[in-house]
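Down below is the structure, laid out as structure tokens.
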Amino acid sequence: MNNPLLTNDLLPKFEHVRTEHMEQAIDQILSENRMKITSLAQNKEPDWDTLVQPMQSLEDKLSNAWSVISHLNAVMNNDDLRKVYKNCLKKLTEYSTELSQNAVLCEAYKKLAVRDDFNKLSEAQRKAVENTQRDFHLGGVDLPDDQKKRYADLTRELSELSNSFSDNVLDATQHWFKQISDKSELAGVPESALEGAKAAAKQKDLDGYVITLHFPSFHPVMTYCDNRELRREVYEAFATRASDMGPDAGTWDNTPVMAEILKRRHALAQLLGFNNFAERSLVTKMARDTDEVLDFLTDLANKAKPVAEQEFAELKAFAKDEHGLDDLQAWDIGYYSEKLRQQRYDISPEALRPWFPVDKVVPGLFCVTEKLFDIQIEAKPDVETWHEDATAYCISRNGEPIAWFYLDLFARQGKRGGAWMADCRVRWRNLHGTLQLPVAFLTCNFTPPVNGKPSLLTHDEVTTLFHEFGHGLHHMLTQVEVMDVSGINGVAWDAVELPSQFLENWCWNPESLALIAAHHETGEPLPQDMLEKLLAAKNFQSGMGLVRQLEFSLFDFRLHAEFVDAAPTNPLDMHRRVRREIAVVESPEFNRFPNSFSHIFAGGYAAGYYSYKWAEVLAADAFSLFEQNGIFDPQTGKSFLQNILEKGGSQEPMELFKAFRGREPEVDALLQQTGISPQVA
């Protein structure tokens, strides 16, 4: 068979993709692209059809192959694939830098932008050209040759370092486990988690139970296990992953990796004329400058911290008065918080699990989005996937397919932790006038079904699923036909979380909860008293939660904004400094949180983690219109679809938000949603 990564099929032939196909496909595409780009750049009178469309075609072919390789590396990781991925990543980074520094190609885009008929192009087409010109500058096209080489070296090294960071976190997470023979050591841990621990032991050919650092295993221990010593041991292993401390001290230490990443990011930013990497980061975001971001975060922190302090004081008093604990430690927070929540609201995430089986939640999620955006979603079990856990789905409207996606929900060995959406195919109208439909990868790490019992989700996990599906809808429901600004492409990074955080709201409304909650054995709906308790407990410790997210955001942003060559900031020192100013929970000396903060050292959130909070303001304010008009109001749903989801990156996000909401966003809705009254604050 021909190399399945070189076909132009809409849906990849996963059952036929082999590791040996990968580097071969990337080499061939890069070689062909280079030849074609040389020819395109020579065009004396470039226009949309002779320059941009062919360039998008080349990008599409490369993207379609790489999206599959990169996805498989994340969900089916092994030594052979990791090696190939690393080789390909190096080649792609070199190609990308070469492309962004191609002065002749840049000149061709400049000629296109000053043509008399440039303004006759569609808004999306013009935005794509403007973004490309901006990206040429950010890629170092204006630099002298010696600095171009320096830029290329830095970019390549950063790519390798980020990949190393990610590998270290995965290896450290997967390596540690604890076998427990005596069930009494796990007293308090829910039955669902015990079954998972038993299955984990069986996978390793061990007796008893196995605790790992994967979230479905780690979290129940930290939240429910009565054994304080075990909680401490598991917490320490988790909080010291990929560091110089803890049970695997020094084996996969990311400390030197972080130092090298920060140094190179700073050098890269300075080459381009910025004072620091935070300034460079904001060029592609909504926020206008570093002061605006810091003021935004500080203002929220000032409003949230008094609430967080009060919540923490209540927790300490509860642990002491009710349980005789004088020294509340980090490994006690989840455990006693859960006991306090149960005492106050008579509800726990575990008590709710039976009402959130995956096979009810997933159809319920689809039902919510079908009602909101006039679409239909259908499973296609015959479509090839990479693992038996993954299923393909088709989205249609009025009987016409408009998008596809793959859902891969359960944690397993070789799969990166966390939850994410990634694009597999981008919607655009190609050189031949054919419309390529968008295809998305949606990935989570929930507890898999065990011994014939269904996978039961916590309400938090339901919210995570809705969050990722919101990203997916942004990618899949776009109506833009220009690849560079279609779906999430070209969307300012601090606005990209708007649809995901927006969709979470449907996990908290009685009308929508009725669609996603039913007991896995009886099919009965969530009882009214449990529903009321769930909603009453929504903002339990919301101040502490908000402060925690602001801590991550401030740490990330200040780490990049305050970096100085002469005295490079140590991430651990910066994290401690920020915590002293904002945190209410004391962290143990051995905690090495930065060493596994993949969002900023291996993901796309460097000097941009604040985007979660920034977009949460947009999302809360957007949802407040649904609260006014009805959460399934067809007109409001249609307006959000047409003004936000369908437009992709074709217009500035502030303009799109104003078109939907009728004004600029206000922070009050977020404060009210999290129970921090703006008036009191």
(request) Mind checking region 285-341 for trypsin sites (Lys or Arg not before Pro) that DSSP puts in a loop (not H, G, I, E or B) and that have at most 11 other Cβ atoms within 10 Å? (result) R288
(message) Under a crude label model (7 Å from the Cα following the beta-carbon direction), how far is M530 from D116 in nanometres?
(response) 7.1
(message) Which of the three applies to region 220-320, rounded, prolate or oblate, going by the alpha-carbon gyration tensor with a ≥ b ≥ c and a/c under 1.5 meaning rounded?
(response) oblate
(message) Past the 18 angstrom mark, what percentage of all C-alpha to C-alpha distances in region 334-445 do you count?
(response) 64
(request) Please provide three numbers in whole Å: the alpha-carbon extents of region 124-168 along the principal axes, with the largest listed first. (result) 42, 29, 7
(request) Obtain the nm distance between the two label points defined at E370 and F632 by a simple spin-label model: each point lies 7 Å from its Cα along the Cα-to-C-beta direction. (result) 1.1
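Can you tell me the length gained on complete extension of the stretch V104 to E562, counting 0.36 nm per residue apart and subtracting the Cα distance? Intermediate values should be presented prior to the final figure.
Details: separation 458, 0.36 × 458 = 164.88 nm, distance 3.60 nm.
Value of the extension gain: 161.3 nm.
Taking each pair of distinct Cα atoms in region 176-239 once, what is the resulting Kirkwood hydrodynamic radius in Å? Don't jump to the answer; show the numbers that get you there.
On the way: mean 1/r = 0.0884 Å⁻¹.
Radius from the Kirkwood sum: 11.3 Å.
Efficiency by 1/(1 + (r/R0)^6): what FRET value for E521 and R663, r their Cβ-Cβ distance, R0 = 60 Å, to the nearest 0.05? Intermediate results must be reported in sequence, preceding the final value.
Numbers: r = 48 Å, r/R0 = 0.80.
According to the calculation, E is roughly 0.80.
DSSP loop (so not H, G, I, E, B), at most 16 other Cβ within 10 Å: list which trypsin sites (Lys or Arg not before Pro) in region 395-442 pass both filters. Provide the component values of the computation, followed by the final result.
Numbers: sites: R397, R412, K415, R416, R425, R427, R429; in loops: R412, K415, R416, R427.
The qualifying sites are R412.
What FRET efficiency, computed as 1/(1 + (r/R0)^6) with R0 = 35 Å and r the Cβ-Cβ distance, is obtained for E581 and Q413, rounded to the nearest 0.05? Numbers along the way, then the final one.
Numbers: r = 40 Å, r/R0 = 1.13.
With R0 = 35 Å, the Cβ-Cβ based efficiency is 0.30.
Want the number for T19 to L194: 0.36 nm per residue separation, take away the alpha-carbon distance, what's left? Numbers along the way, then the final one.
On the way: separation 175, 0.36 × 175 = 63.00 nm, distance 3.57 nm.
Additional length available on full extension: 59.4 nm.
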(message) Among the listed pairs K613/K658; K120/K148; K36/K285; K380/K613, which have their C-alpha atoms separated by more than 25 angstrom in this model?
(response) K120/K148; K36/K285; K380/K613
(message) Run the simple label-point estimate for N43 and N8 please: 7 Å along Cα→C-beta, distance reported in nm.
(response) 1.7
(message) I'd like the orientation of helix 459-476 relative to the chain: the angle between its Cα long axis and the longest Cα principal axis, in ° from 0 to 90, rounded to 10.
(response) 10
(message) Give me log10 I(q)/I(0) at q = 0.07, 0.08 Å⁻¹ for the chain, Debye formula, one equal scatterer per alpha-carbon, no solvent.
(response) -0.47, -0.63
(request) Quickly rank 511-521, 215-225, 29-39 as a protection proxy: mean count of other C-beta atoms within 10 Å, highest first. (result) 215-225, 511-521, 29-39
(message) As I understand it, the value is the acute angle between the Cα axis of helix 123-138 and the longest principal axis of the Cα atoms of the chain; what does it come to in degrees, rounded to 10?
(response) 90
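Diagonalise the Cα gyration tensor of region 343-386 and give the resulting equivalent ellipsoid semi-axes, square root of 5 times each eigenvalue, largest first, whole Å.
Working: eigenvalues 182, 54, 9 Å².
Working from the Cα gyration tensor, I get semi-axes of 30, 16, 7 Å.
Just order 10-17, 43-50, 56-63, 352-359 by mean Cβ neighbour count inside 10 Å, highest at the front, would you? Could the numbers behind the result be given before it?
Details: 10-17: 16.5, 43-50: 14.0, 56-63: 18.4, 352-359: 21.1.
Result, highest mean first: 352-359, 56-63, 10-17, 43-50.
Starting from the Kirkwood radius over alpha-carbon pairs of region 353-536, derive D by Stokes-Einstein at 37 °C in a medium of 0.692 mPa s and give it in µm² s⁻¹.
Numbers: Rh = 17.3 Å.
Translational diffusion coefficient: 190 µm²/s.
Computed from the coordinates by the stated procedures, all read-outs in this text should not be read as laboratory data. On a predicted model such as this, the values are computed, not experimentally measured, just so you know. Cβ sites come from the backbone with ideal geometry, for glycine too, and all protein chains shown count toward neighbours.
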